[in-house]
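The values are calculated or read from the model by the stated rules, or taken from the named source; none is laboratory data. The structure displayed is predicted, hence computed values, not measured ones. Just the protein is used for accessible areas: all its heavy atoms, side chains included, with ligands, DNA and RNA removed. Shrake-Rupley method; radii C 1.70, N 1.55, O 1.52, S 1.80 Å.
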Amino acid sequence: MRPRGIIVIAVVVALEAAALLVAGGWYGTQLLTGAPVLSFWGAVFTLCLLLAFSIWLFAVARFLLRGFRWPRAGALVAQLFVLTIGFPTLTGGYPVAGLAMLIPAVTAIVLLFDKRVIAFASRAAGAPPAL
């Protein structure tokens, strides 16, 4: 039985991945329409990072739902990154945006250390399916 905590974490991570994908699409559109940039190749690199991180987060969400062990670390790192952006956003005069980042990140971090989540997401790559 898949614990609800796994589903909540996977949804949070997938929503973050979707947000990065949207940001990457917007960034790419701005780049193609000729928005001024200091370095064109630096902007292309930033776009590639946004898209790669989005793909990586989608993979983390998918394999977390399947019960693998490695996505727990990936989800934790992603949430720590969100905290490093969300807290300054909250204190910098954008409380709604900051809370929209902090609340799901803190929820995911707490759930990552739940006993049921750890027990479910402990399958190694060569082990038989968890479900």
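Numerical summary
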| item | result |
| --- | --- |
| Placed amide H near Tyr94: partners under 5 Å, 5+ positions off or other chain | none |
| Nearest-ten-degree value, helix 40-65 long axis tilted from longest Cα axis of the chain | 20 |
| Max mean-square fluctuation residue, GNM over the chain, Cα-Cα springs under 10 Å, options Ala105, Ala61, Ala35 | Ala35 |
| Angle between the chain longest axis and helix 4-32 axis [Cα atoms, degrees, rounded to 10] | 20 |
| Cα-based shape type of the stretch 8-131, given that a ≥ b ≥ c are square roots of the gyration tensor eigenvalues and the cut on a/c is 1.5 | oblate |
| In Hz, Karplus ³J(HN,Hα) per residue of the stretch 69-75 (6.51, -1.76, 1.60; θ = phi - 60°; x = Gly, Pro) | 7, 5, x, 4, 5, x, 5 |
| ³J(HN,Hα), Karplus 6.51/-1.76/1.60, whole Hz, each residue of the stretch 80-95, x for Gly, Pro | 5, 4, 5, 4, 5, 9, x, 5, x, 5, 4, 7, x, x, 10, x |
| Candidates Phe53, Phe40, Phe63, ranked by Gaussian network fluctuation over the chain, Cα under 10 Å, top entry | Phe40 |
| Protein accessible area in the chain, 1.4 Å probe - carbon and sulfur % | 76 |
| Max mean-square fluctuation residue, GNM over the chain, Cα-Cα springs under 10 Å, options Leu90, Leu76, Leu51 | Leu90 |
